[in-house]
Amino acid sequence: MAAASRHGLDLTLDHWDLGADRFLRDGVTITDEERDRLIDEYDAALLGALGDPRVPGNEHTRDILLGLRFGADLYINFRPCKLLVPSLSPLRNPHPDTDVVFFRENTEGLYVGVGGSFKRGTPDEVATEQSVNTWKGVDRIVRAAFEYAAATGRGRVTLVDKANVLLHEGGLWRRVFAEVGAAHPDISGDAMYVDAMAMDLVRRPERYEVVVTSNLFGDILSDLAAQVTGGLGLAPSGNLNPGSWALFEPVHGSAPDIAGDGIANPLAAVGCVSLAFGHLGMEEVAADVDDCIVASIREGITTPDLGGSATTRSVGEWMAGRLRE
Ligand code: IPM
Ligand code: MG
């Protein structure tokens, strides 16, 4: 709100309680009516981290996070991993220009829940999980990655897959990638196998600019790249469908071991606020929020996980004060 009022924006912020307490009280995660209203009446939503040991079935993940990704067809999981402060990287000599943006496919792949099990609980148990890839689904995420590269002056898009073994989905992704890439002759397109990519993201992450990949590979590699560029405490993400509704969430979970202590690192959530402003076309506001993140780290106004002694609330108050100056 401080960033918005600094720019004279008339922003309405509503708080929705969709947390574990409500579920334990009413047995409800989100109703169909709430889901429709959230998507129809708002431009975007900022989702807090999910996961509470009192809800071992992870109903919130299923109904809210995955439910909204699939229900609102948010096919882009946009995950920027930029090295803001080199000392936060576990790498010995991190390259200062490390800045890789993931376009993780968000509505298909191994996340669709197609499969089943049989002879459960016996030594003969069989479990299958199928990866679903459609031309339409692959085409739109690959297109989004190239269009983002073109719009932001990035010269390379890297496809990550396992086309040497997963021949069917790999073949589809490679053919789509070649076709879309041909329409962008100024952008170089290359492909990496996911195992080699895991290694290379540690070895020379600065080589990568835009990465496009499937749901599961994107899930895994975006955690890896987030750690290389400063840790999950800093990693924001956007679930997008351009021109439509969007859902922003920190990449990290809920850190139940410190629940209630008031020391959860808020920077990834603040990073989501920046992504949300950017998504809504308010680039200057987004830049101010990004400045706050870097300043808080540089000035040591951070929670204990980043070496500071601030609380979650005091980091936020410090940022709001800075934005009001
Ligand atoms: C993420 C998370 C989710 C995912 C979980 C909570 C289902 O790890 O947003 O990366 O796998 O997509
Ligand atoms: Mg994840």
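The values are calculated or read from the model by the stated rules, or taken from the named source; none is laboratory data. Quick caveat, the model's predicted, so the values are computed rather than measured. Glycine gets a Cβ as well: all are built from the backbone with ideal geometry, and neighbour counts include every protein chain shown.
At a glance:
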| quantity | calculated |
| --- | --- |
| Members of the stretch 212-224 found to be within 16 Å of ligand 2 (Cβ to nearest atom), touching a helix residue (DSSP H, G or I) at 6+ places or on another chain (Cβ under 8 Å) and within 20 Å of Gly170 (Cβ to Cβ), listed by number | Thr213, Ser214, Phe217, Ile220, Leu221 |
| Only listed residue being at positive phi and either within 17 Å of the chain's Cα centre (by Cα) or not in a helix (DSSP H, G or I) (or both), chosen from Asp97, Asp73, Asp124 | Asp73 |
| Qualifying residue in the stretch 195-215 (condition: part of a loop (DSSP other than H, G, I, E, B), of a type in the set (Val, Ile, Thr), away from ligand 1 (no atom under 16 Å from the Cβ) and on the phi < 0 side of the Ramachandran plot) | no |
| Test result for Val142, in contact (Cβ under 8 Å) with a residue 60 or more places away in the chain, out of contact with any Asp or Glu (no Cβ under 9 Å at 6 or more places or on another chain) and over 13 Å from Cys81 (Cα atoms) | no |
| Considering residues of the stretch 216-226 that are buried (at least 19 other Cβ atoms within 10 Å of the Cβ) and of a type outside the set (Gly, Ala, Ser) only, the residue nearest to ligand 1 (Cβ to nearest atom) | Asp219 |
| Filter result for Gly260 (away from ligand 1 (no atom under 15 Å from the Cβ), outside any helix (DSSP H, G or I), free of Cβ contacts under 8 Å to residues at least 40 places away in the same chain and not charged (D, E, K, R)) | yes |
| Matching residues in the stretch 1-17 - criterion: being modelled with pLDDT under 95 and under 20 Å from Leu247 (Cβ atoms) | Met1, Ala3, Ala4, Leu11, Thr12, Leu13, Asp17 |
| Filter result for Leu88 (more than 15 Å from ligand 1 (Cβ to nearest atom), farther than 30 Å from Ala20 by Cα, buried (at least 17 other Cβ atoms within 10 Å of the Cβ) and over 18 Å from the mean Cα position of the chain (by Cα)) | yes |
| The stretch 270-317, residues that are among the aliphatic types (A, V, I, L, M), surrounded by 16 or more Cβ atoms within 10 Å (Cβ to Cβ) and more than 18 Å from Leu13 (Cα to Cα) | Ile293, Ile297, Ile301, Leu306, Ala310, Val315 |
| Scan of the stretch 146-193 for residues that are closer than 23 Å to Asp219 by Cβ, among the basic types (Lys, Arg) and not in a loop (DSSP other than H, G, I, E, B), ordered by number | Arg156, Arg174 |
| Conditions (1) within 16 Å of ligand 2 (Cβ to nearest atom); (2) acidic (Asp, Glu); (3) buried (at least 19 other Cβ atoms within 10 Å of the Cβ); (4) closer than 16 Å to Lys82 by Cα: number failed by Glu209 | (1) |
| Only one of Gly233, Gly218, Gly238, Gly253 that is in contact (Cβ under 8 Å) with a residue 12 or more places away in the chain, part of a loop (DSSP other than H, G, I, E, B) and within 13 Å of the chain's Cα centre (by Cα) | Gly253 |
| Filter result for Phe23 (at pLDDT 95 or above, assigned to a helix (DSSP H, G or I), on the phi < 0 side of the Ramachandran plot and within 22 Å of the chain's Cα centre (by Cα)) | no |
